[in-house]
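Please treat every number below as a calculation from the coordinates, not as lab data. The shown structure was predicted, so the numbers you read here are calculated from the model rather than taken from an experiment. Cβ placement follows ideal geometry from the backbone for every residue including glycine, while neighbour counts extend to all protein chains displayed.
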Amino acid sequence: MSFHGALSHILWPQSCPLCGRLSKAICPDCLIFLVEKNNPVCLECFRPFPCDSHGKNVPFLVFGALHRKEAKQLVHMLKYGGNKALGRPLGRVVAQTINLPKEVDCIVPVPLHRKSGRPFNQALEIARGVSEILKVPVKDGLEWTGGEKPQVGKASLERKQLSAGALRLSGKITDSTAMSVLLVDDVCTTGTTLRRCAEALRSGTLHVTGALVWTLSG
Ligand SMILES: [Zn+2]
Ligand SMILES: [Zn+2]
């Protein structure tokens, strides 16, 4: 632990939210216990990737755990409990545990809806952890177009009817070279949000190769 880390630990002692041991954000033992070495699935139908119906040209989806018990509890702490420091370790452990079936050049987080009222984007925090492991940059380049209501609760979290054009490039991605993108979010329920993000990125020079989430729900 760095001097600054040690000092902040004394001033603001942190403990692992799952086992209570003194630790920064969450202890590695608890994280490793939660993450499963899940095989990638097809983002269209959630069958093993590549599936017979959609093949290799649709995005894959990798996830660290199913959205239940402690894994779900961590999402709530990160998202609604304001525990920002949890994001990076979640991203790191998924990226460390699961081999992506294809290479990626950059990471794009699902953006935070501006009406959400939350102080930070949990998907961006997870994306930063993934970036540390994969050694590719995070490009926070998507935004909601507006008109969509903030999505709260499981049923509305990923509405199946989420309209086409709900997301767009924010103008922060200025690269003119073609790049393959890994989308990152905290939870995937129906996959609609991730698919809408993929469509929005397709209008630029970016191609979504796959998506990584902490938990898979539904
Ligand atoms: Zn722990
Ligand atoms: Zn499929």
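Just Glu125, Glu143, Glu103 to compare: in a GNM of the chain, with alpha carbon springs under 10 Å, which one fluctuates most?
In this elastic network of the chain, the residue with the biggest mean-square fluctuation among Glu125, Glu143, Glu103 is Glu103.
Using the Karplus curve 6.51 cos²θ - 1.76 cosθ + 1.60 with θ = phi - 60°, what ³J(HN,Hα) values do you get for each residue of region 88-97, in whole Hz, with x for Gly and Pro?
Taking θ as phi minus 60°, the curve returns 4, x, 5, x, 4, 5, 5, 5, 6, 8 Hz for region 88-97.
What is the dipole size for the chain, taken about its Cα centre, with +1 at each Lys and Arg Cβ and -1 at each Asp and Glu Cβ, in debye to the nearest 20?
460
Going by how many other Cβ atoms sit within 10 Å of their own, how do Val94, Val108, Val138 line up, fewest first?
Going from sparsest to densest Cβ surroundings: Val138, Val94, Val108.
For His76 paired with Asn57, estimate the spin-label separation in nm (one decimal), with each label point 7 Å from Cα along the Cα-to-Cβ line.
4.3
Taking N as the number of residues in region 37-216, what is its Cα Rg relative to 2.2 N^0.38 Å?
The reported ratio for this selection is 0.94.
Please work out how much length the chain gains when fully extended from Thr145 to Ala178, using 0.36 nm per residue of separation minus the C-alpha to C-alpha distance, in nm with one decimal.
Full-extension gain reported as 9.5 nm.
Mind telling me which of Arg21, Arg47, Arg92 comes out most flexible in a GNM of the chain, alpha-carbon contacts under 10 Å?
Maximum among the listed residues: Arg21.
5 Å is the cut-off here: which amide hydrogens, built 1.01 Å from N in the peptide plane, fall below it relative to Val138, excluding neighbours closer than 5 in sequence?
Ile107
Between Ala178, Ala65, Ala198, find the one with the highest GNM mean-square fluctuation for the chain; connect C-alpha pairs within less than 10 Å.
Ala178
In terms of modelled amide H atoms, which long-range or inter-chain residues lie less than 5 Å from the amide H of Gly210?
Phe60, Val181, Leu183
Please list, in chain and number order, the residues 5+ apart from Ser15 or on another chain whose amide H is under 5 Å from its amide H, with Hs placed from the backbone.
Ser23
Do the alpha carbons of any pairs in Lys102/Lys172; Lys84/Lys172; Lys56/Lys172; Lys56/Lys84 sit beyond 32 Å of each other, and which pairs?
Lys56/Lys84
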